[in-house]
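The structure under discussion appears below in the form of structure tokens.
The values are calculated or read from the model by the stated rules, or taken from the named source; none is laboratory data. Since the structure is predicted, the reported quantities are computational estimates derived from the model, not experimental observations. We place every Cβ from the backbone using ideal geometry, glycine too, and count neighbours over all the protein chains shown.
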Amino acid sequence: MESLKRAWLWFDDRTGLVSALGPIIKHPVPANSASWFYVFGSATLFAFMLQVATGVALAFMYVPSAGEAYQSLQYITDQTTFGRIVRGMHNWGASAMILLVGLHMIRVYMTASYKFPREMHWISGVVLWALTVIMAFSGQVVRWDQTAVWSTIVAAEQAGRIPFIGTWVADFLIGGGTIGAATLSRMFAYHVFIVPALLFLFIGFHLYLVIKNGISEFPKAGKPVDPKTYREEYKALVKKKGIPFWPDAAWRDMVFGFIVITTILLIAIIIGPPALGPPPDPSNLDALPVPDWYFVFYFAFLALMPPAMETYLMVFGPLLVGALLFLLPFISNKGERSPLRRPWAVAIVALTIASISGLWAIGISSPWSPHFHAKPLTVEIIGADSGPIYRGGMDFNEKGCLYCHTISGHGGLRGPDLTYIGDRLSANELTWRIMNGGLNMPGFGGTLTNEELSDLVIFLKSRTKENQETSSSGGD
Amino acid sequence: MSEKTKTSEECSRRQFFTHISIALGSIAAVMVAIPIVGSVLAPIVKKPKPIWRPVGELKSFTVGDIVKVSFIDSSPLPWAGVTAESAAWLHRKGQEEFTCFSVNCAHLGCPVRWVAGAKLFMCPCHGGVYYEDGSVAAGPPPRGLYNYPVRVHNGQVEILTSPIPITTV
């Protein structure tokens with residue numbers, strides 16, 4: 001023991017680690033910043049460290065070759081020792097990072113910690129958030145299955161809408177004009193080298209700033225930030241009421257970080273990684289490329305935005321959000337910090353959460369998508385086994401109506417529910433709508449025969465509340 | 001006086017070393033950056049040459065039908081594996097008259113499906129719908145489906161492979 005201590009003292013004497021790092025980790029912080037609201041930044045860092053560790057482990061087994069990556073992922077998941085858990089941790093760790101970086105940003109915004117002198121904390125944080133989002137997307141792509149391939153094409157198409165240089169950006173993204181071998185190699189380089197290098201750089205800068213300017217004190221209503229006096233007041237505050245960061249403040253970070261890491265591990269063990277989709281074959285068109293949960297709200301946004309404005313929203317929307325986030329500390333870097341005195345800030349956060357949640361909920365059901373696997377209407381639902389009503393019901397199944405319209409619980413959600421359409425529209429109105437379409441419905445005038453049209457209208461006219469009730473009581 | 005001169009000389013020497021150090025570092029960085037950045041940006045300027053690919057014998061396509069055809073893309077690398085595969089929708093309209101549609105929705109590139117019963121192409125992602133002739137029937141696509149050039153050559157139907165169609169503004 002004595003010799004170990006001597007060795008350590010020798011090492012510290014030559015390296016000066018304790019004298020260099022000791023004051024940093026024990027630097028005084030405001031006592032009221034030792035709060036459970038302040039644990040999300042460190043938890044994001046812990047999640048990032050987990051991503052690095054699991055990512056390195058995956059790199060030992062993953063083959064970043066377009067022709068073999070899919071098989072290597074199958075191998076990692078099904079055959080390697082602990083590979084399933086490592087892949088699971090990497091996947092759920094990414095979800096945790098997205099969630100935690102969002103919570104950290106909300107906390108910083110709500111407590112206005114971005115105000116003087118911490119403007120660069122916020123700006124470097126916005127860069128880190130953007131890099132985290134890029135990691136999440138490129139991570140989804142290196143999971144090289146069918147969804148990955150089509151998601152890459154969707155991303156390239158969005159890049160293509162950038163004025164003047166759109167095609168160049170799209171080609172840069174996917175490594176040429178087509179999806180193929182170059183695409184995965186590039187995505188791997190983005191995901192494993194370029195973006196992580198930037199993350200390390202900006203995390204270092206972010207932490208350096210936290211040490212330089214100190215952790216912000218928990219705000220008090222009626223105590224605004226005045227750039228002329230703030231630094232002196234902060235110095236006096238930590239001198240008078242400061243506590244050492246380690247361990248007095250940091251224990252909460254460690255407890256919460258432990259909970260986060262343990263939760264990720266447990267989910268990875270119990271649920272495991274997401275199942276791989278079909279192989280990345282661009283000629284297999286039986287695909288519905290829905291992104292991972294954190295991008296589902298944006299997937300819904302792309303479907304719901306007005307077509308006339310979509311190029312502007314697609315290209316300038318993210319730019320505008322990015323610019324607003326960057327400019328925030330310059331729009332307001334002094335004054336009240338407490339959310340009790342900043343009702344607009346509270347409203348913006350509430351509105352953002354509500355919008356994202358709403359889009360997310362709609363994105364999960366994707367009502368705009370044709371339901372290709374809808375269960376066909378049965379003879380019982382149709383209410384006849386021969387004649388025009390039956391033939392109309394069969395046409396409803398076969399002519400694609402079912403993909404977009406629901407009848408008695410069968411069918412898609414894109415168009416109106418037609419269970420009781422017979423009560424709402426006359427035969428003439430039905431004929432007109434089927435022939436000409438309208439709003440989001442194609443016209444079928446050129447594809448249906450007169451007999452098919454007539455059968456379909458008779459069938460739809462039979463969809464009345466009265467008929468349904470008679471049919472169900474008859475069934476009893 | 002002599003001391004002043006010496007200080008000025010030192011400053012001048014110091015400035016020289018500063019400038020030469022920065023200049024040498026910058027020149028070295030630019031020299032190595034040209035091949036590094038060039039190799040990364042190459043796909044932007046180096047376009048694959050379109051190639052005619054056979055997709056089936058003429059007699060295997062029925063007049064009036066729209067079918068999916070698969071082919072190898074224009075620039076497959078040896079390790080591309082299954083990702084070298086590509087597909088298109090081929091419509092035989094007459095004896096030797098064909099139209100070939102890209103499978104990529106003109107909205108955001110998702111794979112459109114041909115629904116024969118409805119005679120519509122439908123996109124699963126954001127609800128784009130196209131008529132049999134590729135024109136927009138419903139949904140957000142800003143234009144109709146893209147076409148591939150088709151020809152009949154020695155009894156084979158061939159299509160001219162192209163990059164993924166990127167809808168621009």
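Just one of the numbered conditions (1) under 34 Å from the mean Cα position of the chain (by Cα); (2) part of a helix (DSSP H, G or I); (3) exposed (fewer than 14 other Cβ atoms within 10 Å of the Cβ) is not true of A:A20: (1).
Evaluating A:C404 against the criteria (1) within 10 Å of another protein chain (Cβ to nearest Cβ); (2) in contact with a Lys or Arg (Cβ under 7 Å, 6 or more places away or on another chain); (3) exposed (fewer than 14 other Cβ atoms within 10 Å of the Cβ) leaves one unmet condition, (3). Given the structure, is A:P244 touching a His at 6+ places or on another chain (Cβ under 9 Å), farther than 25 Å from A:A136 by Cα, surrounded by fewer than 19 Cβ atoms within 10 Å (Cβ to Cβ) and within 11 Å of chain B (Cβ to nearest Cβ)? Against the criterion (touching a His at 6+ places or on another chain (Cβ under 9 Å), farther than 25 Å from A:A136 by Cα, surrounded by fewer than 19 Cβ atoms within 10 Å (Cβ to Cβ) and within 11 Å of chain B (Cβ to nearest Cβ)), A:P244 does not qualify.
Counting the residues of the stretch A:134-193 that are under 20 Å from A:F301 (Cα atoms) and in contact with a strand residue (DSSP E or B) (Cβ under 9 Å, 6 or more places away or on another chain) gives 3. Scanning the stretch A:162-188 for residues that are charged (D, E, K, R) and facing another protein chain (nearest Cβ under 7 Å) yields a total of 1. Condition first: part of a loop (DSSP other than H, G, I, E, B) and either more than 11 Å from chain B (Cβ to nearest Cβ) or of a type outside the set (S, T, N, Q) (or both). Now tell me which residues in the stretch A:437-450 satisfy that. Within the stretch A:437-450, A:G437, A:L439, A:P442, A:G443, A:F444, A:G445, A:G446, A:L448, A:T449 qualify. Only a single item in (1) away from chain B (no Cβ under 11 Å); (2) closer than 16 Å to A:F137 by Cβ is not met by A:F205, and it is number (2).
Regarding B:K68, is this residue in contact (Cβ under 8 Å) with a residue 12 or more places away in the chain and more than 8 Å from every other protein chain (Cβ to nearest Cβ)? No: the conditions fail for B:K68. Going residue by residue through the stretch A:139-161, is there one that turns out to be within 14 Å of chain B (Cβ to nearest Cβ), more than 20 Å from the chain's Cα centre (by Cα) and either of a type outside the set (D, E, K, R) or in a loop (DSSP other than H, G, I, E, B) (or both)? Yes, that holds for at least one residue. Quick check: is even one residue across the stretch A:17-39 within 16 Å of A:G257 (Cβ to Cβ), at pLDDT 95 or above and touching an Asp or Glu at 6+ places or on another chain (Cβ under 7 Å)? Yes: one or more hits.
Screening B:F61 on (1) surrounded by 12 or more Cβ atoms within 10 Å (Cβ to Cβ); (2) modelled with pLDDT under 90 shows it passes everything except condition (2). Among the residues of the stretch A:163-172, those that are surrounded by fewer than 20 Cβ atoms within 10 Å (Cβ to Cβ) and either within 22 Å of the chain's Cα centre (by Cα) or part of a helix (DSSP H, G or I) (or both) comprise A:T167, A:W168, A:V169, A:F172.
Check whether at least one residue in the stretch A:43-52 is surrounded by 20 or more Cβ atoms within 10 Å (Cβ to Cβ) and either within 14 Å of another protein chain (Cβ to nearest Cβ) or not hydrophobic (A, V, I, L, M, F, W, C) (or both), and report yes or no. Looking through the stretch A:43-52, at least one residue is surrounded by 20 or more Cβ atoms within 10 Å (Cβ to Cβ) and either within 14 Å of another protein chain (Cβ to nearest Cβ) or not hydrophobic (A, V, I, L, M, F, W, C) (or both). Could you go through the stretch A:348-370 and let me know if any residue there is more than 29 Å from the chain's Cα centre (by Cα), under 30 Å from A:N450 (Cβ atoms), in contact (Cβ under 8 Å) with a residue 12 or more places away in the chain and within 14 Å of chain B (Cβ to nearest Cβ). Among the residues of the stretch A:348-370, not one is more than 29 Å from the chain's Cα centre (by Cα), under 30 Å from A:N450 (Cβ atoms), in contact (Cβ under 8 Å) with a residue 12 or more places away in the chain and within 14 Å of chain B (Cβ to nearest Cβ), which makes the answer no.
With the condition kept exactly as written, say whether any residue in the stretch B:71-86 is more than 7 Å from every other protein chain (Cβ to nearest Cβ), among the charged types (D, E, K, R) and either touching a helix residue (DSSP H, G or I) at 6+ places or on another chain (Cβ under 9 Å) or closer than 20 Å to A:F372 by Cβ (or both). No, every residue in the stretch B:71-86 fails to be more than 7 Å from every other protein chain (Cβ to nearest Cβ), among the charged types (D, E, K, R) and either touching a helix residue (DSSP H, G or I) at 6+ places or on another chain (Cβ under 9 Å) or closer than 20 Å to A:F372 by Cβ (or both).
The residues in the stretch B:37-58 that are in a strand (DSSP E or B) and surrounded by 14 or more Cβ atoms within 10 Å (Cβ to Cβ) can be counted, and the count is 5. Residues that are part of a loop (DSSP other than H, G, I, E, B), under 18 Å from the mean Cα position of the chain (by Cα) and within 13 Å of chain A (Cβ to nearest Cβ): does the stretch B:125-136 have at least one? Scanning the stretch B:125-136 turns up no residue that is part of a loop (DSSP other than H, G, I, E, B), under 18 Å from the mean Cα position of the chain (by Cα) and within 13 Å of chain A (Cβ to nearest Cβ).
With respect to the conditions (1) crowded, with 16+ Cβ neighbours inside 10 Å; (2) within 14 Å of another protein chain (Cβ to nearest Cβ), A:P224 falls short on a single one, namely (2). Residue count for the stretch B:137-151, restricted to those that are part of a strand (DSSP E or B) and exposed (fewer than 15 other Cβ atoms within 10 Å of the Cβ): 1. Can you find a residue in the stretch B:97-114 that is part of a loop (DSSP other than H, G, I, E, B), at pLDDT below 95 and of a type in the set (D, E)? Looking for residues that are part of a loop (DSSP other than H, G, I, E, B), at pLDDT below 95 and of a type in the set (D, E), one finds none in the stretch B:97-114, hence no.
Within the stretch B:150-169, restricting attention to residues that are of a type outside the set (G, A, S) and away from chain A (no Cβ under 14 Å), which residue is nearest to A:T311 (Cα to Cα)? The selected residue is B:V150. Residues in the stretch A:203-214 include at least one that is out of contact with any Ser or Thr (no Cβ under 7 Å at 6 or more places or on another chain) and under 29 Å from A:P274 (Cβ atoms). Residues in the stretch A:297-309 include at least one that is of a type outside the set (F, W, Y), within 12 Å of another protein chain (Cβ to nearest Cβ) and in contact with a Ser or Thr (Cβ under 9 Å, 6 or more places away or on another chain). Out of the residues in the stretch A:115-135 that are surrounded by fewer than 20 Cβ atoms within 10 Å (Cβ to Cβ) and under 11 Å from the mean Cα position of the chain (by Cα), which is nearest to A:Y190 (Cα to Cα)? Top of the filtered list is A:I134. Checking A:T77, A:T147, A:T81, A:T167 one by one, the residue that is without any contact (Cβ under 8 Å) to a residue 12 or more places away in the chain, under 25 Å from A:V52 (Cα atoms) and either charged (D, E, K, R) or assigned by TED's automatic domain parsing to the domain that holds A:M314 (or both) is A:T81 and no other. Given the structure, is B:K93 at the interface with another protein chain (Cβ under 9 Å from one of its Cβ atoms), of a type in the set (K, R) and either crowded, with 24+ Cβ neighbours inside 10 Å or over 16 Å from A:S369 (Cα atoms) (or both)? So B:K93 fails the test.
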